[in-house]
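The values are calculated or read from the model by the stated rules, or taken from the named source; none is laboratory data. All values derive from a computational prediction rather than experimental measurement. Note that each Cβ is placed from the backbone with ideal geometry, even for glycine, and that neighbours are counted across all protein chains shown. To get the accessible areas, we keep the full protein, side chains included, count just its heavy atoms, and leave off ligands, DNA and RNA. Shrake-Rupley method; radii C 1.70, N 1.55, O 1.52, S 1.80 Å.
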Amino acid sequence: MKLTTRRSRRTAIGAIAAVGLAALATGIGAGPASAAAVAGTLSATSGPSGGLNTLTMTTTAAKFFTGTLVSFQYKATATTACSAAYSAAVAVTSTAGIVLATPKILSSTKVAITVPSTVALQGSATSANWLVCVYPGSNTTTSLLSASAAYSIAAKPTLAVSPIAPASGPALGGGTVTVTGTNFITGLTAKIGSVALTGITVASGTTFTATVPPQAAGSAMSLSVTTTGGTATKAAAYTYTNGIIVTPNTTPTATAATDLDIQGVGFSGLDFAGAVSGGVFKTDGTAPADAGAHVFIVQGDYDSTDNSSAKTLAEAGECVNVLVVSDTELICTLNTADKYNQSGDPAIADGVYTITVVNDGQVDAVVNNVDYSESIISSGSTFTVAPY
């Protein structure tokens with residue numbers, strides 16, 4: 001009787017152990033197939049049509065095990081979800097499709113996936129929505145959904161030969177431009193040089209409008225447009241001109257002090273230490289030394305290139321006591337009664353002028369291999385000295 005009892009206990013213990021080992025083996029090899037699916041987090045929620053980029057998916061609970069199965073499933077509508085059980089591949093069309101992918105298990109909560117080339121747009125579509133669906137284990141007939149995440153694709157944008165109009169504008173920015181190309185979608189970003197355009201409005205797949213950011217004038221800058229499908233870049237697409245805005249743009253005849261507020265870009269990098277406000281004059285005492293930055297009033301387009309030891313087209317006077325408020329604004333005082341702020345100087349004659357900011361006022365000055373750097377007034381077009 002005792003022998004029979006002992007044998008029964010041993011048999012029961014063995015059966016329990018076998019069940020436990022089987023359960024453990026199932027957990028290690030396939031994962032909890034019956035556990036509720038969770039939302040996965042992708043390293044990128046969008047990418048180019050045609051795939052070949054690599055994503056990672058992470059989860060808050062252990063979902064990835066040896067034999068994990070992954071598929072990309074076309075999201076036909078907003079309510080389309082991953083199939084509850086694993087499904088074989090289905091040819092991709094504009095309304096359906098299942099593409100299988102081979103994952104690399106990094107941990108029980110992280111997997112790497114290379115997007116197959118067949119995760120691609122169909123027909124004339126410029127974007128499409130997909131789902132990344134994960135099923136544990138290698139049994140394709142019993143694996144239930146373990147984790148999922150939304151993923152979208154788009155065609156890579158292109159830019160026209162002349163992609164932006166107008167192709168130039170004042171350094172102060174603020175103007176509206178139209179960009180042309182293909183495969184533009186809502187949510188795209190764009191830059192001129194390294195500075196982002198703002199106020200982007202996508203009118204169609206081939207055009208969008210945007211506001212130009214301020215940047216210092218110089219050589220033509222690149223234009224780049226980025227969507228979920230990639231980035232298109234066109235070199236030397238947009239040029240900033242040395243435009244400034246002057247307020248006010250007129251002053252009475254023979255006025256000792258008119259304060260001008262000048263807006264532009266790049267003022268903080270200019271050295272006004274040698275300007276008239278420093279009291280430095282040429283040896284003959286008739287005009288100020290022009291080394292360094294200045295704010296000149298000129299009857300025409302200022303030209304400092306040498307002409308018989310004199311400027312080809314020199315300043316008619318100077319706006320002195322320059323105060324740089326910021327990189328985009330400065331304030332100075334114009335004395336039309338005494339053009340160089342020195343007793344005995346002639347007054348600035350009545351007429352139409354241009355206010356010009358230069359980075360070096362010396363005769364035939366060379367700065368950064370450029371003869372001189374000047375700006376042209378961009379609002380009101382001129383500066384007027386007249387009796388009133």
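Computed from the Cβ-Cβ distance with R0 of 25 Å, the FRET efficiency linking residue 326 to residue 195 stands at 0.90.
Ignoring ligands, DNA and RNA, what percent of the accessible area of segment 54-158 is carbon or sulfur (1.4 Å)? Reported share for carbon and sulfur atoms: 57 percent. The local environment of residue 231, defined by Cβ-Cβ distances under 13 Å, has a net charge of +3 under the rule Lys, Arg +1 and Asp, Glu -1. Applied to segment 37-44, the Karplus parametrisation 6.51 cos²θ - 1.76 cosθ + 1.60 on θ = phi - 60° returns per-residue 3J(HN,Hα) values of 5, 10, 7, x, 10, 8, 5, 8 Hz, with x for Gly and Pro.
Peptide packing: for 48-56, 152-160, the average count of neighbouring Cβ atoms within 10 Å per residue gives the ranking 152-160, 48-56, highest mean first.
Applied to segment 77-83, the Karplus parametrisation 6.51 cos²θ - 1.76 cosθ + 1.60 on θ = phi - 60° returns per-residue 3J(HN,Hα) values of 9, 5, 9, 4, 10, 4, 5 Hz, with x for Gly and Pro. Here the label points at residue 231 and residue 384, each 7 Å from Cα along the C-beta direction, are separated by 4.8 nm in the simple model.
Which whole number in µm²/s is D for segment 193-255 by Stokes-Einstein, with the Kirkwood Rh taken over Cα pairs at 20 °C and 1.002 mPa s?
Approximately 146 µm²/s, per Stokes-Einstein.
Legend: distances between Cα atoms for 311/339; 75/104; 110/191; 156/191; pairs beyond 27 Å are 110/191. Annotation for residue 310 and residue 350: the two label points, set 7 Å from Cα along the Cα-Cβ direction, are 2.5 nm apart.
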